[in-house]
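Since the structure comes first, as structure tokens, the remarks are kept for the end.
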Amino acid sequence: MTFTSVQQMLAAQASRTPDAVAVVAGDRTLTYRDLDERANRLAHRLIAEGVQPGQPVAVLTGRTADLPVALLAVLKAGAWYLPLHAAYPMARMRWILDQAGGPVLLADDGTRRRGLPEGGRVLLVDEEPGEFPGTDPAVPTGPEDFAYVMYTSGSTGDPKGVAIPQRAVTRLISDPAWNGSRHQRVLSVAPYAFQVSSYELWVPLSRGGTVVLGPSADLDVSTLRQLITEHAITAVHLTAGLFRVVADEAPDCLTGVQEVMTGGDVISPGAVRRVLDACPGLVVRAMYGSTESTLFTTHSPMSDLFLPGPTVPVGRPMTDIRAYVLDERLRQVPDGEVGELYVAGPRLASGYLGRPDLTAERFVADPFTGEGERMYRTGDLVRLTSDGMFDFLGRADDQVKIRGFRVELAEVEAVLARFPELSDVAVVARQLPTGERSLTAYVVVGERTVDLAALRAFAIATLPDFMVPDAFVALTTLPLTANGKLDRRALPEPDPEAWVAYRAPRDPREEILSEIFSEVLGVDRVGVDDDFFQLGGQSLLAMRLISRIEAVLGTKLPLRTLFDTPTVAGLAERLAAQATPAPTS
């Protein structure tokens, strides 16, 4: 049978294995029958509230068993879901809702208590469904109807909504790469407002597998190990940065997993080798793709035979994907030469919601089919090797990846430029000694004085956390080249000591913590009052820091502790409160 929608595929699976466990979230489980019937009841409720086929329904819930119920219910109602990331600032969520124009927001009691964006009627997914039937509403859905729209960073200064049709998701689900037993128990750790969730949720649920939803709190290595062991996880996707942290700190935590997928940024060959050495029989699959091509477009599986080279190739095209390496005149370049990667096939997005101009710019006619099909211009520079593998070489524009998330520097600059008293703004991505990338904002203030702490607070209130610069540098003018362009090489390095006056460690515990901070951040010294995040720290480095503290001091701290008390002095107090013996000199 040929399925035209995600909900058809899941309904068929529920009919085949009604009593199999579909979803695990904390101490809650849903069988396929539970998932299907709960989604049906919620779909009938959405229809009763006036949701029409082809309309958006925004979803903002915690990572509970109600999450897949909510997403599936929207599809069963014939609508498409608009996932909102709970970590987004409220202003960004309101902007997305205004752009999509959705009449209903599906939330749960937890997100309601934390606060919801204004606009649209709010329905709680965890309320009793009342008298609505558990039968499928059977709303007709075609392959070109939207399944969801996900917003990504936009080069024009505002986010852009990538519209994904049903056909693209069903083709992703049907890819032979997921055949066999390796993808039967999948750990879901990605925010559901990002594309990896399409794999984590819909692939196992369409194949009779089980989705184990990771916690809403920030993931650390110890928690990852516990989840893998407790739930017998067979497959997990980790961003390239998180994969590198795991490889450095505790590669054996992946023992028992059959396949680890990683991507979203450059993958360290050494990290791959360390994981494979620690976990014989494991497959590490390098993945490359974009939201516009429904997540994954090329892949490169690596096993015990992997020999580290200078780079990890992004691999060969997946099923249904056509990939071209073209020059600026859309001519194919010879193998081994550098060109821009274009992808085509049925897994392409429909375009950008409400942006026909941007859609026409990035989705262009495919000159190699003669059938009126389109191809997506990725902006990535690659070369095709003699063995048919694509090597990623960089970007053709100012887009960067921060912790696996796409960031357009122009959007960050446009947001910061709204802050009063700034004459100009330039945002650059710097490579940290740890291998991660960090954003630095250079703001032109002339002879005025600008409160950089207030500017940082403005950025935090407006941008997602991965788009907030780690450092802010005030300049009287931006350095320019002879051609009048920004001279990036002339920009000064941010001074981490400019935030607070240095205060030396006062006891052995603070001395050890200060050394761990310095090692993880790649800076010369860290005072007891220096803020980890103002020194360039972010969530991946936070995982590394907590792991090092546990290894050196023998005490596990929840990752959230660092976000609450991001200084040496603060962590030392927390450790003392846990009755950790103070180290001796």
Cα centroid of the range 113-172 to Cα centroid of the range 532-550, whole Å: 34 Å
Along the dipole axis of the chain (charges at Cβ: +1 for Lys and Arg, -1 for Asp and Glu; origin at the Cα centre), the most positive-end residue among A441, L201, T565 is L201
Starting from the Cα coordinates of the range 380-433, work out the convex hull volume and express it per residue in Å³. 109 Å³
Cα long-axis angle, helix 32-48 against the chain (0 to 90 degrees, to the nearest 10): 90 degrees
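What percent do you get for the relative contact order of the range 172-317 when only Cα pairs under 8 Å and 6+ apart count?
19 percent
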Proximal aspartates and glutamates to K76, defined as alpha-carbon separation beneath 13 angstrom and excluding residues fewer than eight positions away on the same chain: D36, E37, D136, D145
For the chain, give the magnitude of the charge dipole about the Cα centre (Cβ charges: +1 Lys/Arg, -1 Asp/Glu; no others), in debye to the nearest 20. 780 debye
Mind jotting down the distance between the C-alpha centroids of the range 362-398 and the range 42-90, whole Å? 34 Å
Degrees separating the helix 240-249 axis from the principal Cα axis of the chain, which is the longest one: 60 degrees
Here the relative contact order (percent) of the chain, from C-alpha pairs under 8 Å and at least 6 apart, is 10 percent
Do any trypsin sites (Lys or Arg not before Pro) in the range 415-484 lie in a loop, going by DSSP, with at most 15 other beta-carbon atoms within 10 Å of their beta carbon, and if so which? R418, R448
So, with a 1.4 angstrom probe, what is the percent of accessible area on the chain that is carbon and sulfur? 50 percent
On a 0 to 90° scale, report how tilted helix 90-100 is relative to the longest principal axis of the chain, with both axes built from alpha carbons and the result rounded to the nearest 10. 30 degrees
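Find the relative contact order for the range 1-46 and round it to a whole percent, using C-alpha pairs within less than 8 Å whose residues are 6+ positions apart.
About 28 percent, as a whole number.
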Which option, [x] 1.59; [y] 0.96; [z] 0.94, is the value of Rg/Rh (Cα atoms, Kirkwood Rh) that was calculated from these coordinates? [y]
Give the lysines whose C-alpha is closer than 21 Å to that of K160, dropping any in the same chain fewer than 8 places away, or say none. K401
So the pair-distance distribution of the range 180-294, from every Cα-Cα distance in 5 Å bins, comes to percents of 2, 12, 24, 27, 22, 11, 3, 0
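The values are calculated or read from the model by the stated rules, or taken from the named source; none is laboratory data. Values in this document were obtained by computation on a predicted structure and should not be read as measured data. With ideal geometry, Cβ positions are generated from the backbone for all residues, glycine too; neighbour counts draw on all protein chains shown. These accessible areas exclude ligands, DNA and RNA; they are computed on the full protein's heavy atoms, side chains included. Shrake-Rupley method; radii C 1.70, N 1.55, O 1.52, S 1.80 Å.
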